[in-house]
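The values are calculated or read from the model by the stated rules, or taken from the named source; none is laboratory data. Since we're looking at a predicted model, the values are computed, not measured. Cβ atoms come from the backbone with ideal geometry, glycine included; neighbour counts cover every protein chain shown.
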Amino acid sequence: MKNQDDPLAEIEALKSVVSALTPLDEQARARVLNWVTAKFNISTAGRHMPALPLKIQPFPDPTAEPATPTGQDLATIFSATSPETESDKALVVAYWLQTSKGQEAFDSQEVNGELKHLGHGVKNITRALEVLISTKPQLVIQTRKSGITKQARKKYRVTGEGIARVTQMASGGASRADKE
């Protein structure tokens, strides 16, 4: 058993908590955290703890199973998902940038650059991302815009629904193209 004053013990506990909560949705995470605070009689009243930035995989674990059954490299994930529409192609690359590379946000140029490396560049990447944003529920959201013009550089992030869609595609589920 580790000493209570061991600073590494707290880090290991945080890694375990993040690992356990990452696959859960927001509501399930809240239920788990509420249960834990009640179980260990932890009072959060009157305490203000700074919010930490949320990342999809804040502590990548090289021994963990990959996010999809196909592995972590883009070509393998792209092949396994077989995206048919330009929007689905953009979604798969965005998913990879966010989950496998650990990026919090990405821009359209980055997504299309990776698609071009795979031989699947899209004609209008901004339009492909706009389709993903306009889908209900949203599969991608815009998080930032630098500049005031319409052509200003925008940053995006894949939503939980977008991640679920790519995972479904990788497991042989229907893509958006099949539903349209």
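A few points about this structure:
- For the stretch 108-152, residues that are in a strand (DSSP E or B) and either exposed (fewer than 12 other Cβ atoms within 10 Å of the Cβ) or at positive phi (or both) total 1.
- Selection status of V92, at pLDDT 90 or above, among the β-branched types (V, I, T), touching a Gly at 6+ places or on another chain (Cβ under 9 Å) and not assigned by TED's automatic domain parsing to the domain that holds P23: no
Rundown of residues vs (1) modelled with pLDDT of 85 or more; (2) touching a Lys or Arg at 6+ places or on another chain (Cβ under 9 Å), yes/no style:
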{"residue": "L8", "(1), (2)": "no, yes"}
{"residue": "L14", "(1), (2)": "no, no"}
{"residue": "I42", "(1), (2)": "no, no"}
{"residue": "G46", "(1), (2)": "no, no"}
{"residue": "A67", "(1), (2)": "no, no"}
{"residue": "D73", "(1), (2)": "no, no"}
{"residue": "T76", "(1), (2)": "yes, no"}
